[in-house]
Amino acid sequence: MNLLDLQTTLREAVKAAAQDFFGVALDQIAAEVPPRTQLGDLAFPVAFELAKRIKQATGEKRAPRAIAEQLAKALEATEGVARVEVAGAGYLNVFFDRTRFLSSFSPGGDVSEASSLPDTRPKRMVEHTSLNPNKAAHIGHVRNAVLGDTFVRILRAAGERVEVQNYIDNTGVQVADVVVGFIHLERLTLEDIKALDKSLPPDRPFDYYCWDLYTRVGLFYRNDDASGEPDAERLKLRADTLHQIEEGDNPTAELADYVATRNVECILDTMERLGIRYDVLPRESEILRLKFWDHAFERMKQTGVIHLEAEGRNKGCWVMPFESHTGTDEHEADKIIVRSNGTVTYTGKDIAYQLWKLGQLGLDFYYKPFRSYADNHLTWMTTSEPQAVETCEPGENVLPHFGEGSTVYNVIDSRQSYTQDIVRRGVAAVAPEVGEEASVHLGYEMVALSITACDELGIKLRDEDRARPFVEMSGRKGYGVKADDLITRLEGDALHEVETRHPDLSTEEKRETAHTIAVGALRYFLLKFTRNSVIAFDFKEALSFEGETGPYCQYSAVRANSIFRKLDATALAESIEKIRQAGSNEASVRDEMTRVFDGESGDEIWSLVTLAARFDEAIAQAVAAAEPSVVARYTFNLARAFNLFYHRHRIIAEEDATKRAVLVAVADIARRQLTLSLATLGIGVPERM
């Protein structure tokens, strides 16, 4: 018995009764969850709305309570409802059939699994991570990736068909800067760089080397004198290098391709540590070489979305006029898409890319396999060259087809809100059939560090920084935290805790457990805050086994699993049989189970059942709000409720066979839903903690 389905059935019953009894057609039926189970499982304040509608239509004044009493009779006939009470001035409080509801979640069954849907479902596309492939990922990139990956899992839990993209800007300024560093600071050729790459130690891989080099290049661009002003001649090296990379088919472009590709490989290694993968890696080089922008540019001109400015400060530029953005240079009335020198802005290229995502460009990439995982997941990368077509069976093409999404979610930090708005509106103007709603910006705020975290990472702070509540990361100041360093540090701290608690485990088991705890700690910490919250990361807070943390939720699931490792096979079989008999309406067993729910702790036991059953509801809310923190908060509340249940009841030692059956069934529901909810957050459950 699915809770969302039951709620839908009840809403439809209310609509039908309102039409039959009062001749009123209701479009929306509001429902509330009462604050205490003693007040019911679902409440409808619909009688108040009906009283107003009846008076407007007929002039007759009807008491909401009298209306509610009529509706109650119709709702009581709904399968799965035990009774309906009218409370206060006219609230309809619905009480579910507890025994029937519990039996539908019998131990060993599947809970809240999405149904199998055909591939004709509309495709939701999520682009996340998308960091410049010029150096190692940092903690800010991790928030982006964790938010995106978790939202993908949430969409899939809701039964959606999802494609995951990680956009690779392999021809941008950041890559050009690292190439300048290799060529002009270190005087290395491509062969030299390949040899260097092979010689690097495992704890200082290629992306780490590029991290340091990128910092040096930033200093190189400034004059060596006290002024520190940009050096025009050195900056020209950047412009020349960027031009060669964009042009392609030259030694500099070949070197840049190696640098970017190796950084992508390193970044994917980092994300794999967090359980994050992608379906396709679209590259900017193909957007340029396959003429995506040229095609989009012509469409924008043909549809009148952009125009060539003939005078003023934007003379010679192709601009997109939007009246809502005025008054500042940042939010100017005319958004520049093509500069007067003919170069395309990021916004212009983003519009072309977004049109492709939504199947509105009329062009496509070629694709080649980039990474294959042990579980057969394959990540593809775009290419400008046609690939040989292989077949598994006659006529079966193994080359994939990407794009053509119905909705695109772009996970990009909130500082890009203006640009994302321009892209959304520009795409809708070019392709009005998809509308603005097809482009969704999942914005988020920055990740900072607590003062304690800075100290633990060995970051030397200035006095003015120590006076602040948190420290913003800054490459210029050296306040940067590589993602791999962060994960490794968390694993080390978790390993110390595991070794203290379980010295009997093998070295490999200890490391696996520590890794699972560390990933759970990091992912939950980044997810428990709403997207518009600034996060100050703190090691101690994230790894705590108490409070709203990943390890606390994991520990609750481990504790629940331990019950079933200890439970006698005969006792488990007897409990399952009791629940089965109750579900088949065997009167004596139903009466015994009703006695348990009507007992002193019945409401408290039942509240855990209903909370566990609200997983689908949490998923639906998270999808509607595009807010993964909804599921994180639900997971914590379920973990906390189970721990309370665990402490209050002697589950295995309970002597009353019927009550033991109920407790076992409820514990099984809670552990499976908690494990499912954690998995949706990308968090595993170790065997022991």
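Structure data summary
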| item | result |
| --- | --- |
| Close pairs (9 angstrom Cβ cut-off, 6 or more residues apart or separate chains): in the same structural domain as residue 70 (by TED's automatic domain parsing) in segment 13-37, acidic (Asp, Glu) and loosely packed, with under 11 Cβ neighbours inside 10 Å anywhere | 15/27 |
| Qualifying residue in segment 171-178 (condition: β-branched (Val, Ile, Thr), farther than 25 Å from residue 481 by Cβ and touching a residue at least 12 places away in the same chain (Cβ under 8 Å)) | yes |
| Residue in segment 73-88 that is surrounded by the most Cβ atoms within 10 Å (Cβ to Cβ), counting only those that are more than 20 Å from residue 602 (Cβ to Cβ) and modelled with pLDDT under 95 | 75 |
| Single residue of 333, 374, 352 found to be modelled with pLDDT under 85 and over 19 Å from residue 162 (Cβ atoms) | 333 |
| Qualifying residue in segment 553-571 (condition: closer than 30 Å to residue 412 by Cα and touching a residue at least 24 places away in the same chain (Cβ under 8 Å)) | yes |
| Search result, residues across segment 223-241 that are modelled with pLDDT under 85 and within 41 Å of the chain's Cα centre (by Cα) | none |
| Qualifying residue in segment 242-263 (condition: within 30 Å of residue 154 (Cβ to Cβ) and modelled with pLDDT of 95 or more) | yes |
| In segment 546-586, the residues that are part of a loop (DSSP other than H, G, I, E, B) and surrounded by fewer than 16 Cβ atoms within 10 Å (Cβ to Cβ) | 546, 547, 568, 584, 585, 586 |
| So residue 626, is it more than 26 Å from residue 581 (Cβ to Cβ) and touching a strand residue (DSSP E or B) at 6+ places or on another chain (Cβ under 6 Å) | yes |
| Single unsatisfied condition, residue 545 versus (1) under 22 Å from the mean Cα position of the chain (by Cα); (2) touching a residue at least 40 places away in the same chain (Cβ under 8 Å) | (1) |
| Only one of 367, 373 that is among the aromatic types (Phe, Trp, Tyr) and exposed (fewer than 13 other Cβ atoms within 10 Å of the Cβ) | 373 |
| Residue within segment 646-655 that is outside the structural domain of residue 501 (by TED's automatic domain parsing), within 33 Å of the chain's Cα centre (by Cα) and more than 24 Å from residue 145 (Cβ to Cβ) present | yes |
| Residues that are surrounded by 12 or more Cβ atoms within 10 Å (Cβ to Cβ) and part of a helix (DSSP H, G or I), drawn from segment 587-600 | 589, 590, 591, 592, 593, 594, 595, 596, 597 |
| Pick from segment 292-318, criterion closer than 12 Å to residue 352 by Cα and over 32 Å from the mean Cα position of the chain (by Cα), ranking: surrounded by the fewest Cβ atoms within 10 Å (Cβ to Cβ) | 298 |
| Output for segment 583-620, where each listed residue is within 15 Å of residue 36 (Cβ to Cβ), under 31 Å from the mean Cα position of the chain (by Cα) and not polar (S, T, N, Q) | 606, 608, 609, 611 |
| Any helices (runs of 4 or more DSSP H) falling wholly within segment 424-513 and containing at least 2 residues that are at pLDDT below 90 and buried (at least 18 other Cβ atoms within 10 Å of the Cβ) | 451-456 |
| Residue within segment 293-308 that is touching a Phe, Trp or Tyr at 6+ places or on another chain (Cβ under 6 Å) and farther than 30 Å from residue 684 by Cα present | yes |
| Elements of type helices (runs of 4 or more DSSP H) in segment 1-89, at least 1 residues being within 26 Å of residue 102 (Cα to Cα) | 3-22, 64-76 |
| Search result, residues across segment 405-420 that are outside any strand (DSSP E or B) and within 22 Å of residue 140 (Cα to Cα) | 412, 413, 414, 415, 416, 417, 418, 419, 420 |
| Lone unmet requirement of (1) of a type in the set (A, V, I, L, M, F, W, C); (2) closer than 27 Å to residue 8 by Cβ; (3) without any contact (Cβ under 8 Å) to a residue 60 or more places away in the chain for residue 620 | (3) |
| Filter result for residue 387 (assigned to a loop (DSSP other than H, G, I, E, B) and either more than 23 Å from the chain's Cα centre (by Cα) or modelled with pLDDT of 90 or more (or both)) | yes |
| Failed item, numbered, when residue 40 is tested on (1) buried (at least 20 other Cβ atoms within 10 Å of the Cβ); (2) at pLDDT 90 or above; (3) touching a helix residue (DSSP H, G or I) at 6+ places or on another chain (Cβ under 6 Å) | (3) |
| Criterion violated by residue 178 - all others in (1) crowded, with 19+ Cβ neighbours inside 10 Å; (2) closer than 25 Å to residue 440 by Cβ satisfied | (2) |
| Criterion violated by residue 96 - all others in (1) more than 30 Å from residue 588 (Cβ to Cβ); (2) touching a residue at least 60 places away in the same chain (Cβ under 8 Å) satisfied | (1) |
| Residues that are farther than 30 Å from residue 123 by Cα and touching a Lys or Arg at 6+ places or on another chain (Cβ under 9 Å), drawn from segment 159-178 | 173, 174, 176, 177, 178 |
| Flag for residue 239 being within 30 Å of residue 286 (Cβ to Cβ), in contact with an Asp or Glu (Cβ under 9 Å, 6 or more places away or on another chain) and among the hydrophobic types (A, V, I, L, M, F, W, C) | no |
| Top-ranked residue of segment 343-364 - restricted to ones that are free of Cβ contacts under 8 Å to residues at least 60 places away in the same chain and closer than 30 Å to residue 314 by Cβ, ranked as surrounded by the fewest Cβ atoms within 10 Å (Cβ to Cβ) | 343 |
| Residue that is free of Cβ contacts under 8 Å to residues at least 60 places away in the same chain and under 30 Å from residue 542 (Cβ atoms), where the choices are 453, 428, 448, 374 | 374 |
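So that you can scan it fast, the table gives a plain yes or no per residue for (1) out of contact with any His (no Cβ under 9 Å at 6 or more places or on another chain); (2) closer than 28 Å to residue 449 by Cβ; (3) not β-branched (Val, Ile, Thr); (4) not assigned by TED's automatic domain parsing to the domain that holds residue 676:
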site	(1), (2), (3), (4)
526	yes, yes, yes, yes
559	yes, no, yes, no
567	yes, no, yes, no
579	yes, no, no, no
584	yes, no, yes, no
588	yes, no, yes, no
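To keep it simple, each residue is scored yes or no on (1) modelled with pLDDT of 90 or more; (2) not acidic (Asp, Glu).
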{"residue": "535", "(1), (2)": "yes, yes"}
{"residue": "538", "(1), (2)": "no, no"}
{"residue": "548", "(1), (2)": "yes, no"}
{"residue": "556", "(1), (2)": "yes, yes"}
{"residue": "562", "(1), (2)": "yes, yes"}
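The values are calculated or read from the model by the stated rules, or taken from the named source; none is laboratory data. The model shown is predicted, which means the values in this text are computed figures rather than measured ones. Cβ: placed from backbone, ideal geometry, glycine included. Neighbour counts: every protein chain shown.
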